[in-house]
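Contents: one structure, followed by commentary.
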């Protein structure tokens, strides 16, 4: 099993606070049958994105868990002006394993007004976009046609596991089941 969205790398955002916590998270993932994970710290105004530090933290953790869990890097990409300018110059900077897949995170209560154009520009830059946890965003839940439009444009969707297992509120859970199917 592969986990493409995990805040397992310590001291980078609101995820793991210490290396010991990162190791505990890795051990839990291994026990759950996860063989590969992507360390995806936030890339926003609160948590600056530092690829070198991310690779260093990944290397530390990989050295401890060995080949029991393969750890890649990426981020939870915020659609800020600065991030969009940076990714247009260097598309692989924020992507999973520095390839084409990019996790795109929206605020829980907002969607940028020019989002369709922004997503189109990112697609044109050669990126495959994965909208992260849309079930958390009230606008997406109330305007599912917007999410369907993004799916038809080629976006993928990553849903928080708890939204499918009942650990999340009932409304997002029901919505997530409808929206988790691609096309």
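The values are calculated or read from the model by the stated rules, or taken from the named source; none is laboratory data. These figures come from a predicted structure and were not determined experimentally. Here the Cβ positions follow ideal geometry from the backbone for every residue, glycine too, while neighbour counts run over all protein chains shown.
Yes/no per residue for (1) at pLDDT 90 or above; (2) within 26 Å of residue 89 (Cα to Cα); (3) outside any loop (DSSP other than H, G, I, E, B):
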position	(1), (2), (3)
118	yes, yes, yes
123	yes, yes, yes
126	yes, yes, no
149	yes, no, yes
154	yes, yes, no
157	yes, yes, yes
164	no, no, yes
Handout entry: Exclusive hit being at pLDDT 95 or above and farther than 15 Å from residue 128 by Cα, set 82, 50
Key = 50
Handout entry: Selected residue [surrounded by 15 or more Cβ atoms within 10 Å (Cβ to Cβ), more than 21 Å from residue 40 (Cα to Cα) and either assigned by TED's automatic domain parsing to the domain that holds residue 70 or in contact with a strand residue (DSSP E or B) (Cβ under 8 Å, 6 or more places away or on another chain) (or both)] from 151, 102, 119
Key = 151
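Can you find a residue that is under 23 Å from residue 157 (Cβ atoms) and either surrounded by 14 or more Cβ atoms within 10 Å (Cβ to Cβ) or within 14 Å of the chain's Cα centre (by Cα) (or both) anywhere in segment 17-26?
Scanning segment 17-26, I find no residue that is under 23 Å from residue 157 (Cβ atoms) and either surrounded by 14 or more Cβ atoms within 10 Å (Cβ to Cβ) or within 14 Å of the chain's Cα centre (by Cα) (or both), so the answer is no.
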Problem - Qualifying position, being closer than 26 Å to residue 128 by Cβ and at pLDDT 95 or above, among 88, 62, 56 - result: 62
Handout entry: residue 53 being surrounded by 13 or more Cβ atoms within 10 Å (Cβ to Cβ), more than 16 Å from the chain's Cα centre (by Cα) and more than 30 Å from residue 124 (Cα to Cα)
Key = no
